[in-house]
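Before any comments, here is the structure.
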Amino acid sequence: MTLVLAALFAAAPLTLEGDPAHTSAGFSVKHMVVTTVRGEFTKVHSTLHWDREDPAKSTVEMKIDTGSINTNNEKRDAHLKSPDFFDAPRCPEITFKSNKVEKESGDKYKVTGDLTMHCTTRPVTLDVAFTDQPVKTPFGTTIYAASASGKLKRSDWGLNWNKTLESGGVIVSDEVKLDVDVEYIAKPGDAKKEAQAETKK
């Protein structure tokens, strides 16, 4: 009976919540053709339902507060929140909901889902690295590390503002690079199951 319970605990999907203090959603975009502008959103929430036995059954969701954008320039941030770009008052959230998780090798995955931005939803596929071996912290929590990256064309989401340069090219490139890092924490109930499974193996 003990072995059966341990197996069930080990196989049970885990619900993991992103730690806001250790989660970031950043982006980079070419400016004036030659330089790169980097920014981040400071308010990010993510939930991962992780199925260790069958990763394809896992799902992940992310919500980003559009108004939390920060590029270390107040004037630029205000412009990015305006209708020219993210239109934060009308579209206050950027969301991602997965619908397909594919394991490639080791800790590498392809995660496809719907990205809603600027009140427009389109599919994207992200390259994800996820460490399924938890780390026990000195504070009694269990954490998992994940990172995701990808490229998209902002015009696909209606983010079309631009200016043409006299020398050719445009002020802001259409291609944007995304980088997300999340430190997931196991919910207390799931962390307890993990501990029981480890001790009963």
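Bear in mind that the values in this text are calculations on the coordinates, not laboratory data. Bear in mind the structure is a predicted one, so any value in this text is a computation, not a measurement. Because the Cβ atoms are built from the backbone with ideal geometry, glycine has one as well, and the counts that use them run over all protein chains shown.
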Using a cut-off of 12 Å between alpha-carbon atoms, which aspartates and glutamates can reach K30, once sequence neighbours fewer than 8 places away in the same chain are excluded? D174, E175
Using the crude model of +1 on Lys and Arg Cβ and -1 on Asp and Glu Cβ, and no other charge, please compute the dipole size for the range 85-131 relative to its Cα centre, in debye to 20. 100 debye
After finding the eigenvalues of the alpha carbon gyration tensor for the range 110-188, what semi-axes result from the square roots of 5 times each, listed largest first in whole Å? 36, 14, 11
In whole Hz, what ³J(HN,Hα) sequence does the range 77-94 give by Karplus (6.51, -1.76, 1.60; θ = phi - 60°), x for Gly and Pro? 4, 4, 5, 5, 7, 7, x, 5, 10, 6, 6, 4, x, 8, 10, x, 10, 10
Amide H contacts of V172 (H built 1.01 Å from N, under 5 Å, at least 5 apart or other chain): M32, K163
